[in-house]
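Notes follow once the structure below has been shown.
Since every read-out is calculated from the coordinates, none of them should be taken as a lab result. These figures come from a predicted structure and were not determined experimentally. Cβ placement follows ideal geometry from the backbone for every residue including glycine, while neighbour counts extend to all protein chains displayed.
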């Protein structure tokens, strides 16, 4: 049976049955175990000493139910993995314990397979807790970087396109063919209209190139006057 001997990780065992606790002591002898017979005492214990993992029985002394204390345990120790070990849970109760923001990480059924218990504790220590927090932050940072890179890429594309449009229309006086520009740059016509408005607002093109139209039709708004010549390409 594999055990950790190098790190004295601390496990809070919330278990009122002496026989089960003795089995846990034998199986988990590579760890420092703290015992609480009720969830109320477990809350008092973690106020003094922070565990790395919590083993939580459901049916406890004094009529307490372990799952009733899950929200409070998670509020106090949001990133400490909790392993529910109980023979008194229906399947739907096990599912409820593993779902939602105030959840257990694992749920094992009594009589518990001690090898499985050890493997579960090892996995919880390796994959949960601080490691889980770091992984979540790294994923968030990666997401932010992707968003920023996409934004910078789109911004660069827009500025590059606007520079090319400005060169094309230098010296022109009439309203440009919006559809021809949209086809040339492979963008929507509204994108070209926005580019023209931005260029005019920055003073890089005269406002005569895109004057307001009275009683514009849909086509006129997009620069599709019948017989309108396409914009000539140029440096």
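Odds and ends about this structure:
- Proxy reagent accessibility, fewest Cβ within 10 Å first, across 155, 40: 155, 40
- Gyration tensor verdict on segment 153-215 (Cα atoms; rounded if a/c is under 1.5, prolate if a/b is larger than b/c, oblate otherwise): prolate
- Counting beta carbons within 10 Å around each of 107, 128 and listing the fewest first gives the order 128, 107.
- Anisotropy class of segment 1-85 from Cα gyration tensor, a/c 1.5 cut: oblate
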